[in-house]
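Right, one structure below, let's go through it.
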Amino acid sequence: MRIRRFPTVATAGAVAVALALAGCSGAGGGAAGQTDPTLDIATMTLPQSLDPVTAVGGALPFFQATYDSLVKREPDGAYSPMLATAWTWDETLTKLSLTLRDDVKFDDGTAFDGAAVKANLERFKAGTGANAKWFSGLNRVEVVDPTHVVLHLDSPDPAYPHYLSDAAGLMANPAAFTDPEKLKTTPDGTGPYELDAAQTVVGTRWVYRRADHYWGERLPFDGLTMTVFDNETAIVNGLKTGQVDTAVIQDANQQSSLEGAAGLTATPVDFDYQGILLFDRAGKVTPELADVRVRQALNLAIDRKTMLDQIRRGKGAVTSQVFGTDTAGYQEELDSYYAHDPEKAKRLLAEAGHAGGFELKMPRMTSIVTEAIASSLQSDLAAVGIKLTWVDVDQGDALRRIFTDREFSGFVMNLGQPASDWLVVKDLVLPGTFNLFGYTDDTVKALVPKIQKASGDGVGGDARALNRHLVEDAWFVPFYRMSYALVTDSGVTALPQAGMAVPSLYNYKSAG
């Protein structure tokens, strides 16, 4: 899951940025020998490496350039064939059969086949990447023949098409697995581009050139440059001066600075939401939270609209639900379920026996909880009698104190909203990282197995029922979905990607 894309290039200074921009040719022109323009993408997401087992959503375009996935995810979240031409579930939803292309080869001439799929999936599961957990229920991969494999699961997991269209589905040449250190900087796949090592500056700029004899659809750009910046001000300046073709801008102030800029188009991207993840619904750390009325009071105390207007200049939408707009479980009316009502919050607290209030301690990571957010939440909760005490933690300390020591009842996070209902359930409802006390109830126990065994349109009713229950029972305290801006210059058009903060590489077109 995408918790938040923290800027990770902490020391990349002005010299590196200037060098990166100097190498950008822009979508309006091509390098020598190229017939189509190049695409220059600016980002603040630094990939750990180019080994696909380390891929995460925000960095996926770095990998899509050189690696094809088994399944392609369309902009609206639908799935279509890529290296796998078809996939079918058995009646138990524990066997997923894939049919593979028979005309794809890696650069060394090795055929892409069932053995390559098995090697990649088993390596992904055994790896230490952020998404290796997706395959926790993968029992074995059976190679029926070169063009057919069967994935055997311990239990139904309807999110597998999502996994195979994302990091887990990226197919590398198994011959490269003997030298994993080399694979970190030298990708070896079947994708539409090849890394130009001579032009690439690892940590700052990655340059790709069109791959000869690519089996698939020809993408509209001869070349691709991915440049990593350490601040959005530099990216915005690059967009305004034409040195950058496209970027996703998250900061509300930077978005405002682009309004009216000549030649630039901004398309809203709604993926991340911000809110309090409550873990302690049984009251193990904060006993008062075991009462649903207290959790409801927390929701009613928050002035979401004011927070959104003052902290994000209104760029987003208030919400009381954790299911995103691309899921079947999403219900528009639940966005406003908890209107700001401090008087009702105080009545609920009094009914629960806490008319005098109580103290709630939460960790504060300043990269997420700015001074404005910290003050706003303290003020709103104090108005109903709840004393919010912030405990400052750094990122490394937070992981230990929150997830290992279980010191806190919840904390403020930015979380991505996947397009898959089952991913929402796995990440937030089932026992695990974000339900670290393993809390559940009878309604959840009844609905989760139905969602797990459903597919396609069949998931809708149960997912909506679960979503409503989570809202009414106040499992979480969401604030708002945050609108980002997908900015493109006049030479490029792009579509946002459902379930991702950044577009897939396939979503970019040349405006010419």
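On full extension, the segment bounded by E122 and E407 gains 99.1 nm, given 0.36 nm per residue less the C-alpha separation. Helix 442-452 versus the longest principal axis of the chain: what is the Cα-based angle in degrees, 0 to 90, to the nearest 10? In the chain, helix 442-452 runs at an angle near 10 degrees to the longest axis. Averaging the sequence gap over all C-alpha pairs within less than 8 Å and six or more residues apart, then dividing by the number of residues, gives the chain a relative contact order of 21 percent.
For the chain, the Kirkwood radius over C-alpha pairs fed into Stokes-Einstein at 10 °C and 1.306 mPa s yields D = 66 µm² per second.
Please enumerate, by chain and number, the lysines with C-alpha under 27 Å from the C-alpha of K445, excluding those fewer than 8 residues away in the same chain. Reachable lysines: K95, K133, K284, K426, K453.
Label point of Q199 set 7 angstrom out along Cα-Cβ; within region 39-63, amide nitrogens under 13 Å from it belong to 39-41.
Shown in residue order for region 95-106 are the 3J(HN,Hα) couplings computed by the Karplus curve 6.51 cos²θ - 1.76 cosθ + 1.60 at θ = phi - 60°: 10, 10, 9, 10, 9, 10, 5, 10, 10, 10, 10, 7 Hz (x for Gly and Pro).
Under the convention that each Lys and Arg Cβ holds +1 and each Asp and Glu Cβ holds -1, the size of the dipole of the chain around its Cα centre is about 860 debye. Give a quick list of chymotrypsin sites (Phe, Trp or Tyr not before Pro) in region 186-256 that DSSP marks as loop, anything other than H, G, I, E or B, with at most 15 other Cβ atoms within 10 Å. The qualifying sites are W215.
Applying the criteria of a DSSP loop state and at most 16 other Cβ atoms within 10 Å to the chymotrypsin sites (Phe, Trp or Tyr not before Pro) of region 416-494 yields F437. Taking the fewest neighbouring Cβ atoms within 10 Å as the starting point, the ordered list for H213, H152, H162 is H213, H152, H162. How much net charge surrounds I276 when only the other residues with a Cβ under 13 Å from the Cβ of I276 are counted, with Lys and Arg +1 and Asp and Glu -1? Here the charged neighbours net out to +3.
With R₀ set to 25 Å, the beta-carbon distance separating D102 from T178 gives a calculated FRET efficiency near 0.50.
Among the lysines, select those whose C-alpha is under 23 Å from the C-alpha of K305, and discard any that sit fewer than 8 residues away in the same chain. Of all the lysines, those that pass the test against K305 - Cα under 23 Å, at least 8 places apart if same chain - are K315, K344, K346, K387.
With an 8 Å cut-off on Cα pairs and a minimum separation of 6 or more residues, tell me the relative contact order of region 272-482 in percent. Result for region 272-482 is 39 percent. Each part reduced to its alpha carbon centroid, region 114-182 and region 439-480 end up 28 Å apart.
We did not get these values from a lab; they are worked out from the coordinates using the rules stated. Keep in mind that what you see is a predicted model, and the values were worked out from it rather than measured. In this analysis, Cβ positions are derived from the backbone assuming ideal geometry, glycine residues included, and neighbour counts consider all displayed protein chains.
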